[in-house]
Amino acid sequence: MKRLMTIGYEKTTLEDFIATLKAVQAKTLLDIREFPLSRRRGFSKTALGHALRSAGIDYRHERSLGS
């Protein structure tokens, strides 16, 4: 059975964010931000995608699913 969960990244580090995803055995992160940019280091689209893939988690950006 597939599960769908939500997660935010305010007040966390990239390392803790990825550790949380790994702890729940996330296979894919679906980014629904309209503009996947962040002032927080590591959370913009390209950097986040690379970090997640390095951790064994797929990354997809689907703007149309956001608000």
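The values are calculated or read from the model by the stated rules, or taken from the named source; none is laboratory data. Since this is a predicted model, take the numbers as computed values, not measurements. As a convention, Cβ positions derive from the backbone with ideal geometry for all residues, glycine included, and neighbour counts pool all protein chains shown. Keep in mind that these areas ignore ligands, DNA and RNA; they rest on the heavy atoms of the full protein, side chains included. Shrake-Rupley method; radii C 1.70, N 1.55, O 1.52, S 1.80 Å.
Taken over the range 56-67, residues that are in a loop (DSSP other than H, G, I, E, B) and surrounded by 15 or more Cβ atoms within 10 Å (Cβ to Cβ) amount to 1. Would you confirm whether or not the range 39-47 contains a residue that is open to solvent by 100 Å² or more (accessible area, probe 1.4 Å) and aromatic (F, W, Y)? No, there is no match, as no residue in the range 39-47 is open to solvent by 100 Å² or more (accessible area, probe 1.4 Å) and aromatic (F, W, Y).
Among the residues of the range 10-32, those identified as under 16 Å from G66 (Cα atoms) and either among the hydrophobic types (A, V, I, L, M, F, W, C) or open to solvent by 50 Å² or more (accessible area, probe 1.4 Å) (or both) are L29, L30, I32. Restricting attention to the range 18-34, the residues that are assigned to a helix (DSSP H, G or I) and free of Cβ contacts under 8 Å to residues at least 24 places away in the same chain total 3.
Residues in the range 11-24 that are at pLDDT 95 or above and over 17 Å from H50 (Cβ atoms): T12, D16, T20, A23, V24. Going by the conditions given, is L4 open to solvent by 60 Å² or more (accessible area, probe 1.4 Å), free of Cβ contacts under 8 Å to residues at least 12 places away in the same chain, touching a Lys or Arg at 6+ places or on another chain (Cβ under 9 Å) and part of a loop (DSSP other than H, G, I, E, B)? No, not satisfied.
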